[in-house]
1. Treating the angle as unsigned and between 0 and 90°, give the value, to the nearest 10°, between the Cα long axis of helix 133-160 and the longest Cα principal axis of the chain.
2. Classify region 35-99 as rounded, prolate or oblate, taking a ≥ b ≥ c as the square roots of the eigenvalues of its Cα gyration tensor: rounded when a/c is under 1.5, otherwise prolate if a/b is larger than b/c and oblate if not.
3. What is the Cα convex hull volume of region 124-188 when expressed per residue in Å³?
4. Averaged per residue, what accessible surface does the chain expose to a 1.4 Å probe, in Å²?
5. For the chain, give the magnitude of the charge dipole about the Cα centre (Cβ charges: +1 Lys/Arg, -1 Asp/Glu; no others), in debye to the nearest 20.
6. How would you order 188-195, 216-223 from highest to lowest mean count of nearby Cβ atoms within 10 Å?
7. In region 1-92, carbon and sulfur make up what percent of the accessible area (probe 1.4 Å)?
8. If you build a Gaussian network model of the chain, linking Cα atoms that sit under 10 Å apart, which residue out of Ser229, Ser152, Ser206 swings the most?
Amino acid sequence: MNDFVRNTSGILIREFGGYFGSPVAYVFIVIFLMLCGFFTFSLSHFYEIGQADLRIFFEWHPWIFLFLVPAVGMRLWAEERRTGTIELILTLPVTLVQVIVGKFLAAWLFIGVALILTFPMVLTVLYLGDPDMGAIVCGYFGSFLMAGAYLSVGSMTSAMTRNQVISFILAVVICLFLVLAGWPPITDALTGWAPVWLVNVVSGFSFMPHFASMERGVVDLRDLIYFVSVIFFMLFANGVILQNRRAN
């Protein structure tokens, strides 16, 4: 256990530091903050609504993450395969699980930093009124969990190919399905011809209903299990793909 924590944390620190050694990380953060501000203040008319909460801010996160998080995940393994350093990684005296978890946590932490930098939104609603801070903290927690689920998909697709563009497109397509399956306009359309149980099963796979309750400030154990399960399953598939490569 001590070896697992030591090796994983070593990989995490090295990978996390690597993000800030490249201008790409800063570009990502700036684009993320600009999109959050644009969608919240311009498209959702934040000030005109007259409510001191961040519901409309969190409502855009599934769509913003849809393109930005796969952009972070696409380089996790595809870049290692392209440069050939994956062969070196697979021969290091660390387990494959430690490498996968370390790289994933570093990328997840990096996205967490981008989320923290949206703190001016919190200051704004505090200035405008008396918001429910519990709901805001819950919304950030749900957003962070959902970002981890997106990232796990990107990590898995990145292990499938050495081409980052292909990895990005595959991740976006899978994540788009996981968003649209539970998006109210889609479920409403399905309700017109499909049985209710089928609509519920399909929407159960989606990020949207699980994130929606957290966005409202409700922490449901089923939502936590859902996001943890998606992350675990995708990282497991990530490991199977890399293990097959090592065996070959």
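The values are calculated or read from the model by the stated rules, or taken from the named source; none is laboratory data. Only a predicted model underlies this, so the values are computations on that prediction, with no experimental measurement involved. Glycine also receives a Cβ, built like all others from the backbone with ideal geometry; neighbour counts cover every protein chain displayed. The area values use the complete protein model at the heavy-atom level, side chains included, leaving out ligands, DNA and RNA. Shrake-Rupley method; radii C 1.70, N 1.55, O 1.52, S 1.80 Å.
1. For 133-160 against the chain, the angle is about 40 degrees.
2. Details: a/c = 6.73, a/b = 3.38, b/c = 1.99.
The shape class here is prolate.
3. Details: hull volume 8.2 nm³, N = 65.
Output value, Cα hull per residue: 126 Å³.
4. Working: 12490 Å² over 248 residues.
I get 50 Å² per residue for the chain.
5. Details: 12 positive and 14 negative charges, 193 e Å.
Charge dipole, the chain, about its Cα centre: 920 debye, nearest 20.
6. On the way: 188-195: 11.5, 216-223: 13.1.
Ranking, from highest mean packing down: 216-223, 188-195.
7. Carbon-and-sulfur percentage of accessible area, whole number: 66.
8. Its mean-square fluctuation being the largest, the pick is Ser229.
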